[in-house]
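Contents: one structure, followed by commentary.
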Amino acid sequence: MAGLTAAALAVVGFLAYQASANVPDSLGAPKAPSAVPSGQASGSPEKKEKDPLAVPAHSGTGVRVVYSLGDRRVWLVGATGKPRTFEVMPSTVSPAPGSYTVTSRSGSVSGSDGVPVEHVVRFAKVGNVPIGFSAAVNGSMATPDPNRKTGGVRMARADGDAMWVFATIGSKVVVVP
């Protein structure tokens, strides 16, 4: 009888080992907790990390300026598809998402907030407020006064230079949320 018991224990031990070697990862030992983004339910498939510098997915195709209101960022997308991107300071008045065309440009003017600006590239109008990209001559990108209706989307001077060369009259500007 002892022999049968020993044989049974050996078989049970072998089967237990074989079963543990084939356990799916989800049923194995608990893993260290990982941070789950608040918008992602626990146990759902992992989403690919979004490249914060990538051109927004629904911003069209071809040569264009892409302005993301939420990201406070602009992409200059040329014929090669490899964009130049930079941060901007939005104005107090923003255009609705959509496709626009550069309608006018000014080399050097006083901004709607009274700050001297250069390389103004206008592409929209909201009510009587013209909307355009510009760079403050003093290089500032201060948050605009929320009590004033301004349409200047400010950028660093070097980025303003790039915008000036890239966005000529008739150039496409796509605004995304």
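The values are calculated or read from the model by the stated rules, or taken from the named source; none is laboratory data. As the structure is a computational prediction, the values presented were derived from the model and not from experiment. Reconstructed Cβ throughout: ideal geometry from the backbone, glycine too, with neighbour counts over all protein chains shown. The area values use the complete protein model at the heavy-atom level, side chains included, leaving out ligands, DNA and RNA. Shrake-Rupley method; radii C 1.70, N 1.55, O 1.52, S 1.80 Å.
Couple of notes before you dig in:
- Mean Cβ neighbour count within 10 Å, used as a protection proxy, ranking 92-102, 54-64 highest first: 92-102, 54-64
- Remark: the residue 96-residue 137 segment gains 12.0 nm on full extension, using 0.36 nm per residue and subtracting the alpha carbon distance.
- Heavy-atom accessible area ranking, 1.4 Å probe, most first, across 53, 69, 76: 53, 69, 76
- Annotation for residue 128 and residue 84: the two label points, set 7 Å from Cα along the Cα-Cβ direction, are 3.6 nm apart.
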